[in-house]
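S.K.: After the structure tokens below, expect a handful of questions from me.
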Amino acid sequence: MKTMIIDVAVIGGGPAGLAAALGASESGVKNVAVFERSNEAGGILRQCIHPGFGLSYFSEELTGPEYSERFLKKVWKTPVRVFTSSMVLSINSDSSLSVVSRTEGFIRVKYKALIIATGCRERTRGAIQIPGDRPSGILTAGLAQWFINMEGRKIGHHVVILGSGDIGLIMARRLILEGMLVKGVYEINPWSAGLNRNIIQCLYDYDIPLYLKKTVINIHGKKRISGVTVCDVDENQNPVKGTEEKISCDTLLLSVGLIPENELLTGANIPLNKKTGGAEVNQRYQTIRKNIFVCGNALMVEDLVDRVTVHGLEAGRQAARFITGDMELMETECFIVPGETVHAVMPQRLTGKVNNLNVSFRILRPVRTGILQLVTDKGRIIGEQKISNAFPGEMQNVNFEKLDMSRASNLLRLNLVERDG
Ligand SMILES: Cc1cc2nc3c(=O)[nH]c(=O)nc-3n(C[C@H](O)[C@H](O)[C@H](O)COP(=O)(O)OP(=O)(O)OC[C@H]3O[C@@H](n4cnc5c(N)ncnc54)[C@H](O)[C@@H]3O)c2cc1C
């Protein structure tokens, strides 16, 4: 078996992996390699042919393929090597990877630092346990996006969409443009899980109804789906008896959440955070195995690729600092956990000196105005930021400047305290 020696190895050639490779290379690491299982780099962006990408990073509105091409061009100007059709099978205990590659065969890749950027996958019917028949015509929104945008197939005629995540909203518009009828988007929560701009541009602009506090409780059909039963849900998301309604359709699209793709981490015994589904990391994107870093949707599912790029670049720089010995290797000094109104937070650990702290988090319910606080276990506030118009469907990012870590405790809670008006 061939062995390859790499300074910084990156798993995944999506936006996060490419940014991480660029970040490491621009920090002076000569020997950087990306391993991507598909036959092309670019990740999920390859199938996202709609505009709306790059507004903050490139200050321009690009489609997914345009965004990824821009980024690949930057990578091609560096010595970074991108191995496509190369799937990482395992992370081994001796700082090596087992990789099967169309061009290289079965190889062992020895690395000094590893960055995991394997993206996420969609929740399926099984994950949300919808009862009923098992006909064809039930697809996740991302799979439908692949069939339509990449393979030029028509997936059906009359469509019901369950879940108002961004991919579902974007696909609702796509289906209309492809000549299909979208009967409605059904969302179990009292709010949409997608970005506000997508609700307006993809639903309201096309007169597609959005039904809140409703879900699908049954699927009908023998060979092909012929309809679904929808109903109202109460505040605990339980079906309300007597509100059932049968909707005929030949396709059901599911846009009911994304899960970080982390089988490789589990195999390497790196603990996952229950709330984010990704690895537990410190403010340097570093896991408990100090030479392993994680970024992108594999760490915490982001809404906007621009943010993924920013995180990826930083993870690459941190991996470079690790291998050049420019990083103090200290143990975790404190942990950050979600507090009031906060569902999930990243990073979960702080290590070494922290002055400016960038925190990504998701909230449990919409908040018009509030104060985000980092609070010690004794109730002392060590950092504070104002927040306005925050929605559960949107990832929040906040920078705490000049944190007073001398007053921190071993456990910090991230609270979002709601304020009137
Ligand atoms: C279906 C779908 C549609 C989306 N649409 C939009 C959108 O319209 N707008 C938007 O801003 N965001 C969208 N997103 C969010 C999007 O995921 C992020 O913006 C961004 O693409 C995440 O980048 P990433 O590199 O973390 O993950 P990805 O883009 O998913 O890239 C991960 C890469 O890792 C590779 N990989 C995984 N495991 C291995 C392995 N073992 N070995 C080698 N390679 C591996 C995969 O093949 C993939 O190329 C969408 C996400 C999904 C899932």
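S.K.: Applying the selection to the stretch 330-374, what residues are among the charged types (D, E, K, R) and touching a strand residue (DSSP E or B) at 6+ places or on another chain (Cβ under 6 Å)? So that I can check it myself, show each step before the final result.
M.R.: First pass over the stretch 330-374, keeping only residues among the charged types (D, E, K, R): 331, 333, 340, 349, 353, 362, 365, 368.
Of everything in the stretch 330-374, those that are among the charged types (D, E, K, R) and touching a strand residue (DSSP E or B) at 6+ places or on another chain (Cβ under 6 Å) turn out to be Glu333, Glu340, Arg349, Arg362.
S.K.: Related question: Is it fair to say Glu69 is under 21 Å from the mean Cα position of the chain (by Cα), away from the ligand (no atom under 13 Å from the Cβ) and in the same structural domain as Tyr285 (by TED's automatic domain parsing)?
M.R.: Details: under 21 Å from the mean Cα position of the chain (by Cα): yes; away from the ligand (no atom under 13 Å from the Cβ): yes; in the same structural domain as Tyr285 (by TED's automatic domain parsing): yes.
Yes.
S.K.: Quick one: His158 ticks every box in (1) more than 16 Å from the ligand (Cβ to nearest atom); (2) crowded, with 24+ Cβ neighbours inside 10 Å except a single one, so which number is it?
M.R.: So the condition that His158 fails would be (2).
S.K.: Of all residues in the stretch 142-179, how many are assigned to a helix (DSSP H, G or I) and over 19 Å from Tyr204 (Cα atoms)? Working first, answer last.
M.R.: Step one: list which residues in the stretch 142-179 are assigned to a helix (DSSP H, G or I), which gives 142-149, 166-177.
Subsequent filtering for residues that are over 19 Å from Tyr204 (Cα atoms) retains 142-149.
Going through the stretch 142-179 one residue at a time, the tally reaches 8.
S.K.: Related question: Being modelled with pLDDT of 95 or more and not acidic (Asp, Glu), is that true of even one residue in the stretch 126-135?
M.R.: Yes - at least one qualifying residue is present in the stretch 126-135.
S.K.: Which residues, taken from the stretch 395-421, are among the charged types (D, E, K, R), within 17 Å of Val359 (Cα to Cα) and touching a residue at least 24 places away in the same chain (Cβ under 8 Å)?
M.R.: Within the stretch 395-421, the first condition is being among the charged types (D, E, K, R), and the residues that meet it are 401-402, 404, 407, 413, 418-420.
Still in the list and also within 17 Å of Val359 (Cα to Cα): 401-402, 404, 413.
Hits for the stretch 395-421 are Glu401, Lys402, Arg413.
S.K.: Against the conditions (1) touching a Lys or Arg at 6+ places or on another chain (Cβ under 9 Å); (2) crowded, with 16+ Cβ neighbours inside 10 Å, where does Arg349 fall short? Just the number, please.
M.R.: (1)
S.K.: Looking at (1) within 18 Å of Ala113 (Cβ to Cβ); (2) buried (at least 16 other Cβ atoms within 10 Å of the Cβ), which is the one condition that is false for Ile288?
M.R.: The single condition Ile288 does not satisfy is (2).
S.K.: Another question, then. Among (1) among the hydrophobic types (A, V, I, L, M, F, W, C); (2) surrounded by fewer than 17 Cβ atoms within 10 Å (Cβ to Cβ); (3) outside the structural domain of Ala20 (by TED's automatic domain parsing), there is one condition Ala144 misses while meeting the rest; what is its number?
M.R.: Only one criterion in (1) among the hydrophobic types (A, V, I, L, M, F, W, C); (2) surrounded by fewer than 17 Cβ atoms within 10 Å (Cβ to Cβ); (3) outside the structural domain of Ala20 (by TED's automatic domain parsing) is unmet by Ala144, namely (2).
S.K.: Moving to a separate point now. Could you check, for the stretch 116-125, whether at least one of its residues is within 15 Å of the ligand (Cβ to nearest atom), under 28 Å from Ala20 (Cα atoms), among the small types (Gly, Ala, Ser) and touching an Asp or Glu at 6+ places or on another chain (Cβ under 7 Å)?
M.R.: Checked the stretch 116-125: at least one residue is within 15 Å of the ligand (Cβ to nearest atom), under 28 Å from Ala20 (Cα atoms), among the small types (Gly, Ala, Ser) and touching an Asp or Glu at 6+ places or on another chain (Cβ under 7 Å).
The values are calculated or read from the model by the stated rules, or taken from the named source; none is laboratory data. Being a predicted model, the structure only gives us computed values, none of them experimental. Neighbour counts run over all protein chains shown; Cβ positions are idealised from the backbone, glycine included.
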